[in-house]
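K.L.:
Here's a structure for you.
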Amino acid sequence: MFQVLKQTWALMLGVLLLMLGNGLQGTLLGVRGSLENIDSATMGYIMAGYFLGFLGGSKVTPILLQRVGHVRVFAALGSLVSAAFILYAAVVDPIAWWALRVLVGFCFSGIYVVAESWLNHSASNQSRGKALSLYMMVQMAGMVLGQLLLNIADPGGYDLFVLITVLVSISFAPILLSSSSAAPLQQSARSMPLKELIETSPLACFGILLLGGVYAVLYAMSPVYATERGLSVAQTSYFITGIFLGAMVFQYPIGWLSDKFDRRYLIIGVTALGAMVALLGMYFGDSYSVLLVVAVFLGGLSNPLYSLLVAYANDYLEQDQMASAAGGLLFISGCGAMTGPIIVGSAMTHLGLEWFFITLVILLSAICFYGIYRMSQRPYEVLDEASPYLPISSRTTTFATGFAIDALEEQQLEELEDSEEVFEGRPYDHEVIQRLDEQDPNT
């Protein structure tokens, strides 16, 4: 891992600064909206704009890259993001904020594609899997640390908006200087229509649709909920930090379990436990200590679910279909994420703040019960053998997913070559066979 960091430290530093800025901006906007007396329903529409933009960016960015190249696209998107962050504070208006959120989501989608393509270009065949793991760790660490920056200045002023603009602007320098040339996009994956994907794995598609709503509620509406509950700025930042910390800590153990037995049992168990934790938050959320524990477990149980559902879908796919299927699942997740904040924002405004947790209970329970239903419809049969769990998230673009699959193929090939070398290198094999033949030619 140290060797990988040595090769890609400039790129990782740039990604860390990017995630610091992006992690802070979502929380800051939610808190600032409440301070500006923008109701939860309106904030739901504003926060949903990011996911709409992200979805659009994932479709448009590859076209832009082919036309003008990575460097120009990256510089243009970075400039737009910096401008949008300043305009948040300068133009306090719900319609303007919604448009800026769409723009920021669109730009970050493209920025992730470029950063991940350069990561692929920088990593060697032997280090590709470790590079992806390090990239995911840096991404999550930036999101966690970004929440803590909320405490260094007043959210009602300009300072924090200036800070996120500076962080994002500085992040481009190490990324642009880390590679002398840009890597082309991979186009080797076999295409897979969305209808075929849904027919192949209904549970993965339905689960990721609802999981998109879960993520939108947790990561977009949690600042609004915390501020409306009357939590201080420091308490709000720690509450959201708990969600991201749980997401980091639970990723490995759930991934380890997913490779041990029928993944549907794990999907059902994790979602059932998540629904119970959300119920705990609904009934005992008046205690801040309980709220922090709930945040850690909700983040920890929901974040690995995306990778788990993708791995389950991959169990029924050929390897050259996986990257294309990941693109379809990302689209489905985006559709759920766009509607999540709108629904929960309206519910919190008209029915009460407890609908923040009630919505999570409904979404996670629906995935759980549908998983139980699907177990009655077909046995757990996979193509050849179960697909390994890949540590990816709904923020990961299809390029990084293809990158992960390439790393997996290289690892499997190396293991196969090693096993063949061990077999061929055994000096006594031929002697044993010759002795058996001399004793009994029919052996």
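No lab work stands behind these numbers, since they all come straight from the coordinates. Please read all numbers here as calculations on a predicted model, not as lab measurements. Glycine also receives a Cβ, built like all others from the backbone with ideal geometry; neighbour counts cover every protein chain displayed.
K.L.:
How much length is gained if the chain between Thr339 and Val92 is pulled fully straight, taking 0.36 nm per residue apart and subtracting their Cα-Cα distance, in nm to one decimal?
P.N.:
Details: separation 247, 0.36 × 247 = 88.92 nm, distance 2.32 nm.
This chain segment gains 86.6 nm when fully extended.
K.L.:
Amide H to amide H under 5 Å from Met192: which residues, 5+ apart in sequence or cross-chain, H placed 1.01 Å off N in plane?
P.N.:
none
K.L.:
Can you compute the FRET efficiency between Val166 and Tyr288 using 1/(1 + (r/R0)^6), with r the Cβ-Cβ distance and R0 = 25 Å? Round to the nearest 0.05.
P.N.:
Working: r = 32 Å, r/R0 = 1.27.
According to the calculation, E is roughly 0.20.
K.L.:
If you don't mind, there's one more thing I want to ask. Would you kindly state how much longer the chain becomes between Ala173 and Val71 on full extension, computed as 0.36 nm times their sequence separation minus their alpha carbon distance, in nm to one decimal?
P.N.:
Working: separation 102, 0.36 × 102 = 36.72 nm, distance 1.15 nm.
Length difference between fully extended and current span is 35.6 nm.
K.L.:
Turning to a different aspect of this structure: Roughly speaking, what is the stretch gain from Ile198 to Phe261, that is 0.36 nm per residue apart minus the C-alpha to C-alpha distance, in nm to one decimal? It would help to have the intermediate numbers written out before the result.
P.N.:
On the way: separation 63, 0.36 × 63 = 22.68 nm, distance 2.29 nm.
Between Ile198 and Phe261, full extension yields an extra 20.4 nm.
K.L.:
Using a Förster distance of 41 angstrom, determine the FRET efficiency expected from the C-beta separation of Ile372 and Gln235, and round it to 0.05.
P.N.:
Working: r = 37 Å, r/R0 = 0.91.
Between Ile372 and Gln235 the formula returns 0.65.
K.L.:
Here's another thing I want to ask about it. Which of the trypsin sites (Lys or Arg not before Pro) found in the range 254-304 are loop residues per DSSP with 13 or fewer other Cβ atoms within 10 Å of their Cβ? Intermediate results must be reported in sequence, preceding the final value.
P.N.:
Details: sites: Lys260, Arg263, Arg264; in loops: Lys260.
Of the trypsin sites (Lys or Arg not before Pro), the ones in loops of the range 254-304 whose Cβ has at most 13 other Cβ atoms within 10 Å are Lys260.
K.L.:
Let me ask another. Using the alpha-carbon centroid of each, what span in Å lies between the range 143-173 and the range 308-366?
P.N.:
Comparing the Cα centres of the range 143-173 and the range 308-366, I get a distance of 28 Å.
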